[in-house]
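Following: one structure in structure tokens, then a few remarks.
The values are calculated or read from the model by the stated rules, or taken from the named source; none is laboratory data. Nothing here was measured: the structure is a model prediction, and the numbers come from that model. Virtual Cβ from ideal backbone geometry, glycine too; neighbours counted across all protein chains shown.
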Amino acid sequence: MVWEEQVYVAVSDGSWHHNGLQEPDDDAPDDLGPVVDAAQETMADRLWLAWPVCPVHRLGTHPRPEGTPADWDWDDEGWSGRLMWWCRGGPAGDCHDLAVVGELAGALSGK
């Protein structure tokens, strides 16, 4: 079920993207999921950028619950934990959590 509410995320040139808010899920790690998805989709759709990028593997990261394996799926039952920026890793399959969503700045170098 999609609610009438939308999340809008804009970039500095004023362009924006929106996501519909889904019905709350009591099993979700927190309420940042729709905002994180909208921010990431805005970067991809408006700026043609992967964001955020893992500084080790130089790959775009994805929001996932803490500690999920490479074969994890949002439809899996019984997950919990904090929402993390997750990196698929290199060819060796060394996937890892990069940072808690909302604390990304501490995991990246530079600005």
Discussion item. I'd like the full set of residues that are loosely packed, with under 13 Cβ neighbours inside 10 Å and closer than 14 Å to Pro52 by Cβ, limited to region 79-111.
Written reply: Glu103, Ala105, Gly106, Ser109, Gly110, Lys111
Fill in: Hits in region 84-98 (condition: touching a strand residue (DSSP E or B) at 6+ places or on another chain (Cβ under 9 Å) and at pLDDT below 90)
Asp94
Worksheet item: Does Pro24 satisfy the criteria of being surrounded by 14 or more Cβ atoms within 10 Å (Cβ to Cβ), part of a loop (DSSP other than H, G, I, E, B) and either at pLDDT 60 or above or not aliphatic (A, V, I, L, M) (or both)?
Response: no
Worksheet item: Do you know which residues across region 32-78 are buried (at least 17 other Cβ atoms within 10 Å of the Cβ), part of a loop (DSSP other than H, G, I, E, B) and at pLDDT 90 or above?
Response: Pro52, Cys54, His57, Thr61
